[in-house]
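Worksheet: the structure to be examined is printed underneath.
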Amino acid sequence: MSGQIQLEIDGPLARVILSHPGKFNAMSCAMWGALKNVFDDLQQRRDLRCVTLQGKGGHFCAGGDISEYAGFRFDADKLRHFHEVQVWGGLNAILQCDLPVIAQIEGNCMGAGLELASCCDIRIAGQSAQFGAPIAKLGFAMAPREAALVGRAVGDLTAREILLEAAVLNAALMQQRGFLNVVVPDVEVADTVLQRMRRLQGLAPQAARSHKQTLRALAAPSPAIERLVETAYDYANSAEHREGIEAFVAKRKPVFLS
Amino acid sequence: MSGQIQLEIDGPLARVILSHPGKFNAMSCAMWGALKNVFDDLQQRRDLRCVTLQGKGGHFCAGGDISEYAGFRFDADKLRHFHEVQVWGGLNAILQCDLPVIAQIEGNCMGAGLELASCCDIRIAGQSAQFGAPIAKLGFAMAPREAALVGRAVGDLTAREILLEAAVLNAALMQQRGFLNVVVPDVEVADTVLQRMRRLQGLAPQAARSHKQTLRALAAPSPAIERLVETAYDYANSAEHREGIEAFVAKRKPVFLS
Amino acid sequence: MSGQIQLEIDGPLARVILSHPGKFNAMSCAMWGALKNVFDDLQQRRDLRCVTLQGKGGHFCAGGDISEYAGFRFDADKLRHFHEVQVWGGLNAILQCDLPVIAQIEGNCMGAGLELASCCDIRIAGQSAQFGAPIAKLGFAMAPREAALVGRAVGDLTAREILLEAAVLNAALMQQRGFLNVVVPDVEVADTVLQRMRRLQGLAPQAARSHKQTLRALAAPSPAIERLVETAYDYANSAEHREGIEAFVAKRKPVFLS
């Protein structure tokens, strides 16, 4: 098993749990597909009031499962399928969900983890959580739709710091930058989220669906981003991309020529 | 009298004062109409340099006048007229005003109050001011244009917290979230605003008009929001909407079925 | 010489230095043209990884060179040429640069300086830096494209405070408002920037170019702003504009009639 998505339902409250033991819940291709299915199902139900997205074992999600990358990243068609169908399929299923979605963020929230958190409505983090997307070290750029999603959620300044500098930011700074609703001691994260789920439980569900629709329209992606998708994966077979991935797998420092 | 809008003019400085005694200046239908007329008139004058919007008696505005709601909210046409003509007429008259507008925020700044503050250029608050729009407890969603206006002013994170969680935020947090220019002790709010009005008084009026035009273009509503308006009031006669309003009027806790 | 733009290259690291001695590096027309040329050249090179924009002598840039203004500002065609060709030519050359650009901000960062900083990806400031664009005292508005650029970078609240109130904000506040990545003691600014340049040096250049393209698409100017450009310079020969410039040159307080 290369990781899984678990669903726990307790009355009107649902928990979607990222689980990839030993890899800080890094997202495998199978997990992206499962995530889409889980959220598509949640969207059909009328008995739920709130969903929490969380990771197993003290971490939210450390990124993509890089051990799978050599199998598809160097072919442009496969790379496009991965980002536009698998990754975006999973992220968009969260974005299209009409239930309020809370991110319970502990430990690593990196790369794909940052993208997943950016799809949530409310973000609660423990004080030792870490945020970033250091793919500039891996020799490739975040896909356009994913970068637009993260850019809107973290703000332009932080997006540039994370994407161009491969910066890793702590929870206090991400709160100050407007990405987190609240930061609490690590041991209080679960309780804080549960309190907020219980609060959401009593509110009007039709109003929530309508608000989610309006907020989604406010965040609608621009045509300028859509146009970038056309050529976004031409880099698949480039030397820089290969070097980044290969160096990471070999646990050596990459050398990027211009 | 179901509340009124007062206008005080002192040389180049105007004050628009929300007044609805005993209701924390909650906006009645009559007040929305009067507000539009007052700002339309201010926009015609060439002797003014600055407008301050404030509430009477230690509060800015606690929301809409819910005692009027049963009379029009459960009919889709009347509900549309209320939001698109009356409320938006008042809010848009402030947005279209070419004079700098300062919000002097004391006490309650909830619902319609938050929308009114979101139309202002400069926002000065007292430290005990409170911000929110707990309409998820009332069984209906903020109208699309109003939610887009508030979402732009408070930011996406705070908009989701206020609309989906019915959260009430204090002045210090709303300053950290980028909604308030400055927070001062309650007893200093009036003086702080007066100082800023006097400062504005000496600046170039043609430049101000031009800046307001540019800033208005930057905040132009998106077609995606406009499209939502078409179906936005279909909920008028729904059980959830009736339950929310009726429970509030009866001072009991609403029970929302899905 | 009415100021110059200096270029220093050290391996993969470039520094573009604003230099206008005795005027806190105020931008002359010649400097805008030179700035465009320098950034157009940097964009052609494939040996560079990072550019820092900085000012000489403890200041970033105090604005435009007002001593030149009487020569062109009161004629609408010349004024349009200045803003749309000279100023925007320089600013846009930075925006179109595919290398990460760091702003090293010391001392004055006013008017044109604020616009230049808004074009950069990463903004590092010393604690005594000052930010603003007090042109409301000079009797004219910031040109539409420039105001949209600054508005996006500083946020709507701060843009209104700076443009409508002619407010000057300190570094700590500009960090809280989300404009600055970090504020350090003045004596540490240069070292902090150098450390970040060295960090950028090792990251993937193709990924950086792709990220810059995506982030540029996210910040694409709206048609509403483009439309304003048509009439934006009609004020050239107005009494208010003349009074503002003439009072400044004569070192007296301007008197603006409505």
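Since every read-out is calculated from the coordinates, none of them should be taken as a lab result. Everything quoted here is computed from the prediction, not taken from an experiment. Counting neighbours? That spans all protein chains shown, and the Cβs are built from the backbone with ideal geometry, glycine included.
Starting from the label point of residue A:92 at 7 Å along Cα→Cβ, the same points in the other copies fall at 3.3, 3.3 nm, in ascending order. Principal-axis analysis of the Cα atoms of chain C puts helix C:29-44 at an angle of about 30° to the longest axis.
Using the Cα centre as the reference, give the magnitude of the dipole from point charges on the C-beta atoms of the protein assembly as shown (Lys, Arg: +1; Asp, Glu: -1; all else neutral), rounded to the nearest 20 debye. Please report the intermediate quantities before stating the final value.
Working: 81 positive and 81 negative charges, 88 e Å.
Using Cβ point charges on Lys, Arg, Asp and Glu, the protein assembly as shown gives about 420 debye.
Positive end of the dipole of the protein assembly as shown (Cβ unit charges, origin at the Cα centre): among B:52, A:184, C:37, the Cα lying farthest that way belongs to A:184. Using Cβ point charges alone (K and R +1, D and E -1), the dipole size of the stretch B:154-258 about the Cα centre works out to roughly 480 debye. Working from label points 7 Å from Cα in the Cα-to-Cβ sense, the residue A:201 to residue C:19 distance is 6.9 nm. Projecting the Cα positions of C:175, C:89, C:101 onto the charge dipole of the stretch C:77-192 (unit charges on Cβ atoms of Lys, Arg, Asp and Glu, taken about the Cα centre) puts C:89 furthest along the positive direction. Dividing the summed helix terms, -39500 (n - 2.57) for each DSSP H run of n ≥ 4, by the number of residues in the protein assembly as shown produces a 222 nm estimate of -12000 deg cm²/dmol to the nearest 500. Between copies, residue B:46 shows label-point distances of 6.1, 6.1 nm, shortest first, with the point placed 7 angstrom from Cα along Cα to C-beta. When you restrict to C-alpha pairs under 8 Å that are six or more residues apart and normalise by the size of the stretch A:4-189, the relative contact order lands at 19 percent.
Name the shape class, rounded, prolate or oblate, that the alpha-carbon gyration tensor gives for the stretch C:100-258, where a ≥ b ≥ c are the square roots of its eigenvalues, rounded holds for a/c under 1.5, and otherwise prolate holds if a/b is larger than b/c and oblate otherwise.
Numbers: a/c = 2.74, a/b = 1.52, b/c = 1.80.
The shape class here is oblate.
At a Förster distance of 25 Å, what's the computed FRET efficiency of residue A:222 paired with residue C:190, Cβ-Cβ distance as r, to 0.05? List each step's numbers first, then the result.
Numbers: r = 37 Å, r/R0 = 1.49.
FRET efficiency, residue A:222 to residue C:190: 0.10.
By how many degrees, between 0 and 90 and to the nearest 10, does the Cα long axis of helix B:239-249 differ from the longest principal axis of chain B? Orientation of helix B:239-249: about 60 degrees from the principal axis. Dipole size of chain C about its Cα centre, with +1 on Lys/Arg Cβ and -1 on Asp/Glu Cβ: approximately 380 debye, rounded to the nearest 20. Between the Cα long axis of helix B:205-218 and the first principal axis of chain B there is an angle of about 30°, rounded to the nearest 10. Distance from the C-alpha centroid of the stretch A:135-165 to that of the stretch C:170-215: 14 Å, rounded to the whole angstrom.
DSSP finds beta bridges in the stretch A:1-66, and of those with both partners inside it, around 50 percent are antiparallel. Pairs from the list A:212/B:78; B:23/C:137; B:56/B:212 with a Cα-Cα gap above 30 Å: B:23/C:137. Think of the protein assembly as shown as a dipole: +1 on every Lys or Arg Cβ, -1 on every Asp or Glu Cβ, centred on the Cα centre; then among B:215, C:159, A:149, C:159 lies furthest on the positive end. Per residue, the Cα convex hull of the stretch B:21-138 amounts to 105 Å³.
Per-residue shielding of B:172-183, expressed as the average number of other chain Cβ atoms within 10 Å of the residue Cβ, stands at 3. Just round it to a whole percent: the fraction of Cα-Cα distances in the protein assembly as shown exceeding 41 Å. Tail of P(r) above 41 Å: 34 percent of Cα pairs.
Which of A:179, C:60 has the fewest other C-beta atoms within 10 Å, and how do the rest follow up to the most?
Details: A:179 24, C:60 28.
The order, fewest Cβ neighbours first, is A:179, C:60.
Taking every DSSP beta bridge that has both residues in the stretch A:4-189, what percent is antiparallel when rounded to the nearest 5? Could the numbers behind the result be given before it?
Values: 10 of 32 bridges.
In the stretch A:4-189, approximately 30 percent of DSSP beta bridges are antiparallel ones.
Taking every alpha-carbon pair in the stretch B:4-201 and binning the separations at 5 Å intervals from zero gives 1, 8, 17, 22, 21, 17, 9, 4, 1, 0 percent.
Exposure proxy check: A:120, A:50 ranked by fewest other beta carbons within 10 Å?
Values: A:120 22, A:50 26.
Ascending number of Cβ neighbours within 10 Å: A:120, A:50.
The mean number of partner chain beta-carbon atoms within 10 angstrom of a residue's beta-carbon across peptide B:126-139 is 2. Suppose we keep just the DSSP beta bridges with both residues in the protein assembly as shown; what percent of those would be antiparallel, to 5? So the antiparallel bridges in the protein assembly as shown amount to around 30 percent. Sorting A:15, B:160, A:46 from the fewest to the most surrounding beta carbons within 10 angstrom yields A:46, A:15, B:160.
Around the amide H of residue A:55, modelled in the peptide plane, lie the amide H atoms of A:18, A:106, all under 5 Å away and 5 or more residues distant in sequence or on another chain.
Distances between copies of residue C:6, taken at a point 7 Å out from Cα along the Cα→Cβ vector and listed shortest first: 6.2, 6.2 nm.
Just counting partner chain Cβ atoms within 10 Å, what average do the residues of peptide C:159-170 show around their Cβ? Numbers along the way, then the final one.
Working: counts 5, 10, 7, 1, 10, 14, 11, 6, 4, 0, 1, 0.
Other-chain Cβ atoms within 10 Å of each residue's Cβ, averaged: 6.
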